[in-house]
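The values are calculated or read from the model by the stated rules, or taken from the named source; none is laboratory data. Predicted, not measured: the structure shown is a model, and the values here were computed from it. Here the Cβ positions follow ideal geometry from the backbone for every residue, glycine too, while neighbour counts run over all protein chains shown. Just so you know, the surface numbers come from the protein's heavy atoms only, side chains and all, with ligands and any DNA or RNA stripped out. Shrake-Rupley method; radii C 1.70, N 1.55, O 1.52, S 1.80 Å.
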Amino acid sequence: QQPVQSPQAVILREGEDAVINCSSSKALYSVHWYRQKHGEAPVFLMILLKGGEQKGHEKISASFNEKKQQSSLYLTASQLSYSGTYFCGTEIGGNTGKLIFGQGTTLQVKP
Amino acid sequence: DTAVSQTPKYLVTQMGNDKSIKCEQNLGHDTMYWYKQDSKKFLKIMFSYNNKELIINETVPNRFSPKSPDKAHLNLHINSLELGDSAVYFCASSLGGNTIYFGEGSWLTVV
């Protein structure tokens, strides 16, 4: 039931764009995106609930496909502060609060 | 003010010992969680309480016993610590099953 994230790791230069994908074999109730910096707690970025939904602002946004089995996180014009590990957390079957996290995608932004 | 606070932040202890981690949230949330993050950064839910009632109890050894004296507190007691218990333990909270806010983590090392 664990969602699969891809890629596992990304290295970017400042100003470049990245896409992180999160896929599930089952339809999801929701997808939550978090960023975790080394030695710190995961920090909430956004939650998607509806199929076909797109959310966020121009720099960091996310989408949830119509079948609700895949979500993508878009990082535009990346900044050094975007570095960290990105996790998608998925809920199946309803608003249970039980998040099953993907294995994480490590993003490193270089000057 | 820290929204979700947990103590201690670092804990080094010997195999066989019993230890506790305390967690408090001041967000007025009704649901609290314990998550475990291993050395490969895999983040997995252990327990969830809603208004002091246990609602999620994943496959966790019964050496781990959560206790929620009130809805603002969720403590984790671990008996007979083993080397494999070494991990970062995150407390978290939410209102219902919505956005989950994580505490700063407790780094447990069993030697």
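Around the amide H of A:Ser83, modelled in the peptide plane, lie the amide H atoms of A:Val109, all under 5 Å away and 5 or more residues distant in sequence or on another chain. Per-residue 3J(HN,Hα) values for the stretch A:66-73, derived from phi via the Karplus relation 6.51 cos²θ - 1.76 cosθ + 1.60 with θ = phi - 60°, read 4, 7, 6, 10, 9, 10, 10, 10 Hz in sequence order (x marks Gly and Pro).
What's the magnitude of the charge dipole for the stretch B:4-110 around its Cα centre, counting Lys and Arg as +1 and Asp and Glu as -1 at the beta-carbon? Answer in Debye, nearest 20.
Details: 11 positive and 10 negative charges, 28 e Å.
The dipole of the stretch B:4-110 has a size of about 140 debye.
The accessible surface of chain A, taken with every protein chain in place and a 1.4 Å probe, is 50 percent carbon and sulfur.
Heavy-atom accessible area buried between chains A and B is around 1600 Å² (1.4 Å probe, both sides summed).
When A:His57, A:His38, A:His32 are compared by accessible surface with a 1.4 Å probe, the order from highest to lowest is A:His38, A:His57, A:His32.
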